[in-house]
């Protein structure tokens with residue numbers, strides 16, 4: 001709800017309803033982005049949403065600190081307009097009484113964020129994508145394990161071959177040494 005639309009003195013209830021709780025704005029807080037919340041919803045939003053407007057996500061942290069210091073969170077002009085235009089609704093809300101007498105013209109239509117089933121479809125697509133990624137990762141891990149096993153076997157084979165050659169060389173050296181000793185003793 002933008003402030004420009006709320007300037008007129010002929011206020012409709014839909015102009016004075018909190019977009020979060022859909023009740024009449026109590027102590028309305030008009031944020032820098034011109035969105036309005038009732039004070040209870042604003043406080044809850046600030047506690048839960050890390051200082052952002054729940055409608056447009058604009059950061060309001062600096063504004064909140066300044067407005068809190070200057071005690072200007074509540075849009076007092078707007079609050080007076082609402083109290084004059086809807087005294088019964090304000091009184092009921094302040095007393096914590098539900099107002100069941102909202103007429104059809106006061107009804108606030110909510111625009112759906114997505115088509116029916118669209119979120120489930122998106123979820124299923126993401127689920128399939130993640131599943132495919134996991135399978136691909138498993139295939140890669142299997143290939144890596146096989147490669148590691150193959151390389152290990154090749155290294156072991158090379159080590160066995162090195163030992164065999166070393167043993168042959170030792171035997172050859174021993175034989176040479178023996179032959180040399182025999183030739184030396186024969187002379």
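Quick note: the coordinates plus some simple rules give every number you see, no bench work behind them. As the structure is a prediction and not an experimental result, all values here were calculated from the model. Here the Cβ positions follow ideal geometry from the backbone for every residue, glycine too, while neighbour counts run over all protein chains shown.
For labels at residue 72 and residue 138 in the simple 7 Å Cα→Cβ model, what's the distance in nm?
6.2 nm
For a quick check: sort 33, 18, 38 by the number of other beta carbons within 10 angstrom, fewest at the front.
33, 18, 38
Between 159, 122, 36, find the one with the highest GNM mean-square fluctuation for the chain; connect C-alpha pairs within less than 10 Å.
Residue with maximal mean-square fluctuation among 159, 122, 36: 159.
Rank these for me by crowding, 51, 42, 13, going from fewest to most other beta carbons within 10 Å.
In order of increasing Cβ crowding within 10 Å: 51, 13, 42.
In deg cm²/dmol and to the nearest 500, what is the mean residue ellipticity at 222 nm of the chain if only DSSP H runs of at least 4 residues count, each as -39500 (n - 2.57), divided by the residue total?
Value at 222 nm, helices only: -20000 deg cm²/dmol.
Go ahead and set up a Gaussian network model of the chain, Cα springs under 10 Å, then flag whichever of 152, 70, 52 fluctuates most.
152
Choose one answer from 89, 134, 77: the residue with the largest mean-square fluctuation in a GNM of the chain with alpha-carbon springs under 10 Å.
Of the options given, 134 has the highest mean-square fluctuation.
Using the Kirkwood formula over every pair of different C-alpha atoms, what hydrodynamic radius in Å results for the chain?
For the chain, inverting the mean 1/r across all distinct Cα pairs yields 23.9 Å.
Calculate the all-directions average of the projected area of region 113-187's alpha-carbon convex hull, and give it in nm².
6.2 nm²
What's the exposure ranking of 41, 21, going from fewest to most Cβ atoms within 10 Å? Mind dumping the intermediate values first?
Details: 41 20, 21 15.
Sorted ascending by nearby Cβ count, the order is 21, 41.
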